[in-house]
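Visitor: Have a look at this one before I ask anything.
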Amino acid sequence: MLTVGSLSRAELTARLSGDGLVLRTGPFTNRIRSDVPPLIDSVALMYADYPVEPAGGFVDFHLELRRSGGLRRWYRSQVHFAYDGTTPFEPLPLAQAYPMLEWTMNWCVSHRAHGYLIIHAAVLEKHGRAIILPAPPGSGKSTLTAALLGHGWRLLSDEMTLVHLDDGVLVPLPRPVSLKNTSIDIIRAFRPDAVLSRPVEETTKGTIAHLKAPAGSIARAFEPARPACIVFPRWEAGAAIALDPLPKARAFMQVADNCFNYQVLGARGFTALGRLIDASDAYTFRYSSLPEAMALFERLAQGAA
């Protein structure tokens with residue numbers, strides 16, 4: 001199988017600069033074109049283990065990130081994103097090209113992949129039990145996800161839980177984990193072996209770095225998982241660890257609020273979400289200590305919380 005990591009730097013650059021790199025991420029294929037050197041470096045590092053598809057096959061999303069022309073090419077350079085020939089976003093500083101790629105890949109899925117119920121949530125699996133982590137920004141979701149990946153959990157997704165509309169299985173979409181601000185140093189200290197992208201400062205979300213997805217999770221990207229738990233995490237400085245049951249009616253409403261396309265799907269979304277809630281135990285979770293959180297999630301993986 002051809003992967004990004006098996007391409008030389010010259011081959012990768014030629015594909016990205018030419019007809020495009022056709023990158024497989026879970027159930028989707030992405031044709032990516034770019035002439036931005038820092039972006040090429042980041043793709044080589046963060047997507048080394050991902051499959052490269054033949055250039056002539058079907059592609060779900062066509063993405064292009066290019067440097068500005070004219071004076072902007074030399075003064076305060078910017079990067080522009082185009083999707084299927086349209087430009088849905090304003091340009092960003094050139095240094096933010098890689099975060100922009102990740103954000104636009106998320107945008108493509110959340111706005112186009114309506115064959116799934118899409119929840120803004122991380123999802124991980126261990127011992128056959130998948131745990132969904134819906135949470136707003138600043139809750140510690142991605143920090144918790146990054147920590148769990150160092151303790152034997154399989155990454156299905158950091159940002160989007162894909163629920164199959166027909167049978168309710170969770171479809172993997174493993175991609176790099178987005179870390180922000182203080183979370184970057186927290187994970188560096190907690191997981192010295194972690195591979196992170198170069199931090200990018202002064203984005204709209206602060207300083208951003210991405211954690212490379214585990215090779216084992218990428219290799220199992222076509223292996224769905226069954227939901228076991230829905231956990232709403234919240235990091236709180238100095239707080240005692242607490243896992244409290246959440247009534248299913250409240251869990252339904254809170255997950256619906258975290259869906260990208262619940263209303264778009266109508267009755268099919270209602271049915272899929274109801275099936276998910278019926279199949280899952282639901283909890284709120286408060287923590288301040290990652291080691292304590294790791295121990296509690298191990299109990300959840302064993303079905304013994």
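The values are calculated or read from the model by the stated rules, or taken from the named source; none is laboratory data. All values derive from a computational prediction rather than experimental measurement. In this analysis, Cβ positions are derived from the backbone assuming ideal geometry, glycine residues included, and neighbour counts consider all displayed protein chains. Accessible surface areas use protein heavy atoms only, side chains included; no ligands, DNA or RNA. Shrake-Rupley method; radii C 1.70, N 1.55, O 1.52, S 1.80 Å.
Visitor: Which percent of Cα pairs goes in each bin when the distances of segment 55-170 are cut into 10 angstrom slices starting at zero?
Guide: All Cα pairs considered, the percentages come to 12, 32, 32, 19, 5, 1.
Visitor: Residues with beta-carbon under 9 Å from that of ILE241, excluding ILE241: net charge, scoring Lys, Arg +1 and Asp, Glu -1?
Guide: Overall, the nearby charge balance is 0.
Visitor: If you stretched the chain out fully between ALA215 and ARG198, how much longer would it get, using 0.36 nm times the residue separation minus the C-alpha to C-alpha distance?
Guide: Between ALA215 and ARG198, full extension yields 4.2 nm more.
Visitor: Suppose all protein chains stay in the model; what accessible area per residue would a 1.4 Å probe give for segment 80-146, in Å²?
Guide: Per residue, segment 80-146 has 33 Å² of solvent-accessible surface.
Visitor: I would also like to ask the following. If you restrict to DSSP beta bridges whose two residues both lie in the chain, what percentage is antiparallel, to the nearest 5?
Guide: Taking every DSSP beta bridge with both residues in the chain, the antiparallel ones total about 75 percent.
Visitor: Next question, about the same structure. Grab the beta carbon distance between ARG9 and ARG112, set R0 = 30 Å, and tell me the FRET efficiency rounded to 0.05.
Guide: Computed FRET efficiency for ARG9 and ARG112: 0.45.
Visitor: Return the whole-Å distance between the Cα centroid of segment 129-165 and the Cα centroid of segment 256-305.
Guide: Centre-to-centre (Cα) distance: 10 Å.
Visitor: Would you report the distance distribution of C-alpha pairs in segment 157-305 as whole percents per 10 angstrom bin, up to the bin with the largest distance?
Guide: 10, 30, 39, 20, 1
Visitor: Principal axis lengths of the chain from Cα atoms, whole Å, largest first?
Guide: Computed over the chain, the largest-to-smallest principal extents equal 57, 43, 36 Å.
Visitor: To continue, here is another question. Along the Cα-to-Cβ line of ASP166, 7 Å from the Cα, sits a label point; which residues in segment 116-136 have backbone N less than 18 Å from it?
Guide: Once the point is set 7 Å along Cα→Cβ of ASP166, 116-118 turn out to lie under 18 Å by backbone N, inside segment 116-136.
Visitor: Now for a separate question. Diagonalise the Cα gyration tensor of segment 1-130 and give the resulting equivalent ellipsoid semi-axes, square root of 5 times each eigenvalue, largest first, whole Å.
Guide: Over the Cα atoms of segment 1-130, the ellipsoid semi-axes are 26, 19, 14 Å.
Visitor: Averaged per residue, what accessible surface does segment 147-299 expose to a 1.4 Å probe, in Å²?
Guide: 46
Visitor: What ratio of Cα Rg to 2.2 N^0.38 Å holds for segment 229-305?
Guide: So the Cα radius of gyration is 1.25 times the expected 2.2 N^0.38 Å.
Visitor: Something else about it: Compactness ratio of segment 103-244: Cα Rg over 2.2 N^0.38 Å, N = residue count?
Guide: 1.02
Visitor: Only helical DSSP H runs with n ≥ 4 go in: add -39500 (n - 2.57) per run for the chain, normalise by residue count and round the 222 nm mean residue ellipticity to 500 deg cm²/dmol.
Guide: Taking each H run of at least 4 residues, the total per residue is -9000 deg cm²/dmol.
Visitor: Here's another thing I want to ask about it. Using a 1.4 Å probe over the heavy atoms of the protein chains, calculate the carbon and sulfur portion of the accessible area of segment 47-139 as a whole percent.
Guide: Whole-percent figure for carbon plus sulfur exposure: 57.
Visitor: Run the count for the chain, please: Lys pairs, Cα-Cα under 24 angstrom, 8 or more apart or on different chains.
Guide: Lysine pairs satisfying the spacing and distance rule in the chain number 9.
Visitor: If I model segment 177-222 as equal point scatterers sitting on the Cα atoms and use the Debye formula, what is log10 I(q)/I(0) at q = 0.17, 0.19, 0.23, 0.29 Å⁻¹?
Guide: -0.52, -0.61, -0.79, -1.02
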